[in-house]
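Asks: My questions will all concern the structure given below.
The values are calculated or read from the model by the stated rules, or taken from the named source; none is laboratory data. Note that the coordinates shown come from a computational prediction; the quantities given were computed from them, not determined experimentally. As a convention, Cβ positions derive from the backbone with ideal geometry for all residues, glycine included, and neighbour counts pool all protein chains shown.
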Amino acid sequence: MAYPTDRKYTKEHEWIKVVGQQATVGITDHAQESLGDIVFVELPKIGAELAAGKSFGTVESVKAVSDLFAPMSGAVTEVNGDLTTSPEKVNKDPHGSWMLKMTMKNPADLQDLLSAADYEKFVAEEGGG
Amino acid sequence: MGAKMVDFNGWDMPVEYPASIGCGIINEHMAVRTGVGIFDVSHMGDIRLAGPQALAAVQHISMNDASRLAVGQAQYSALLYPQGTFVDDVIVHRLAEDEYLLVINAGTREKDFNWVRDNTRQFDCAVENLSDDFTQIAIQGPKGVDVLQKLTDADLSAVKFYWVTRGTVCGLRNTLIARTGYTAEDGFEIYIPADEATSARVWNEILSAGKEFGLVPCGLGARNTLRLEGKLPLYGHEISDTINVWEAGLDRFCKMEKREFVGRAALEVAKSEGVIRTLVGLEMVDRGIARDGYKVLDGGGREIGYVTSGSPAPFLKKNIALAYVPPGFTAAGTSVNVEIRGQAVGAQVVPTPFYKRPKK
């Protein structure tokens, strides 16, 4: 799958789409593919303060539990409640199934993120894909 | 086949096959419950005991009563330490008058073989480790019989559950065919020569023969969820060298009335003393998935036990777990909590097995 170029990526296999001061966060196609059937998504409450690099939630497949890591610091403004009842949507449409929206506290956090091309390269080098 | 691989007791094993070919743990699991799936289970070990005192040897080292086996019949059993705890669980096949085959677990192969050899020295019986001689393929699910029947001259309708026969399979003469499995479903396990070319050829022939029945290859992930729904124990989880037969609830496979076997004396004592913990089935009531090793808490938040295996159950569509809890918490309907990432999440004791295959 081609990774959309309208957003940035992390080495923790998340995508981040930034519009103004608002960021939308989800997990990548590679992440859903390596997790397998996703059956549970646990997200923070609206208003929660996330710190870049720290765990903010969990995604569980049949087999495994994985932490979700905040790509940047900021406050949660919205969570995708749809994923509570239909977590399998992340498998079906990973780049459309956003997990949360947050305000961006420190624009410099963006500098640490990967472009679509760099992320694709990272995944290939990691031996995944 | 592009499967996700994992190291399992030193074996490079597929966890699941890719979604692109209709697999993934949930699809693989459902295929076995409603159709058919195949598993490469060559990691399982095989020990053959043959000779005039083979039965006496098997009786001495296993807890079930092998004297009840007719030639061609198999039984679930276990090898025990003198303390009444588990060396391993096994399937004992009686292949001939004086010949038995023990099918053992991957992680315990060396330990099991050494243990069997050391504990049968006093019997006139040869003990052979055949683990590397066989590739074992499991064809599991209600349609497994239809798939395998296409590939063999043996009349499978005459083979009852937990019986074995021999026949030509995919051109391989005298192949051992057992109606056994680890999925709580009907199915067969075949034992073919371990060379790679033969194994690959047979695997592919089964895949082709199964196409019309919707057969899919299945990995360790589905094998685990299938056995969990059926409450089949996994060594190192529900049974181990510190857990005894009564705690594990395997009483019906332990025949105290037979004369003598390793572990019997300790089990006699343990029975009179009563158990301090019992394996129970849990179903999550609140939102959350119990996983192996998670703590079980009582209503007041006190730690009372632990989860041995926990997972979403794809066929039952519930989050289930097996756990050890003290007496007083074993009745169906008892409310407990499972600690999940620091939170007490509600669960309830339920009758087991969680899943029982429909009778035909």
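Asks: Take the residues in the range B:306-317 that are within 11 Å of chain A (Cβ to nearest Cβ) and of a type outside the set (Ser, Thr, Tyr), then tell me which one is farthest from B:SER240 (Cα to Cα).
Replies: Selected residue: B:LYS317.
Asks: Right, next: Applying the selection to the range B:130-152, what residues are assigned to a strand (DSSP E or B) and either free of Cβ contacts under 8 Å to residues at least 12 places away in the same chain or among the small types (Gly, Ala, Ser) (or both)?
Replies: Matches in the range B:130-152: B:ALA138 only.
Asks: Can you give me the number of residues within the range B:77-99 that are out of contact with any Ser or Thr (no Cβ under 9 Å at 6 or more places or on another chain) and either assigned by TED's automatic domain parsing to the domain that holds B:LEU220 or of a type in the set (Phe, Trp, Tyr) (or both)?
Replies: Going through the range B:77-99 one residue at a time, the tally reaches 1.
Asks: May I ask you to list the residues in the range B:168-182 that are part of a strand (DSSP E or B) and at positive phi?
Replies: Scanning the range B:168-182 gives a single hit, B:ASN174.
Asks: From the set of residues in the range B:321-345 that are touching a Ser or Thr at 6+ places or on another chain (Cβ under 7 Å) and in a strand (DSSP E or B), which is nearest to A:SER66 (Cα to Cα)?
Replies: That would be B:ALA321.
Asks: A further question follows. Mind checking which pairs have a first residue in the range B:260-288 that is without any contact (Cβ under 8 Å) to a residue 60 or more places away in the chain and within 14 Å of another protein chain (Cβ to nearest Cβ) and a second that is surrounded by fewer than 17 Cβ atoms within 10 Å (Cβ to Cβ) and not charged (D, E, K, R), Cβ under 8 Å, 6 or more apart or different chains?
Replies: Close Cβ pairs (under 8 Å, with a partner that is surrounded by fewer than 17 Cβ atoms within 10 Å (Cβ to Cβ) and not charged (D, E, K, R)) amount to B:ARG287/A:THR84; B:GLY288/B:GLN343.
Asks: Condition (residue is buried (at least 18 other Cβ atoms within 10 Å of the Cβ), β-branched (Val, Ile, Thr) and at pLDDT below 95) applied to the range B:34-56: is it met by at least one residue?
Replies: For the range B:34-56, residues buried (at least 18 other Cβ atoms within 10 Å of the Cβ), β-branched (Val, Ile, Thr) and at pLDDT below 95: present.
Asks: Further question on the same structure: How many residues are surrounded by 17 or more Cβ atoms within 10 Å (Cβ to Cβ) and not in a helix (DSSP H, G or I) when one looks only at the range B:241-257?
Replies: Summing the residues that are surrounded by 17 or more Cβ atoms within 10 Å (Cβ to Cβ) and not in a helix (DSSP H, G or I) in the range B:241-257 gives 6.
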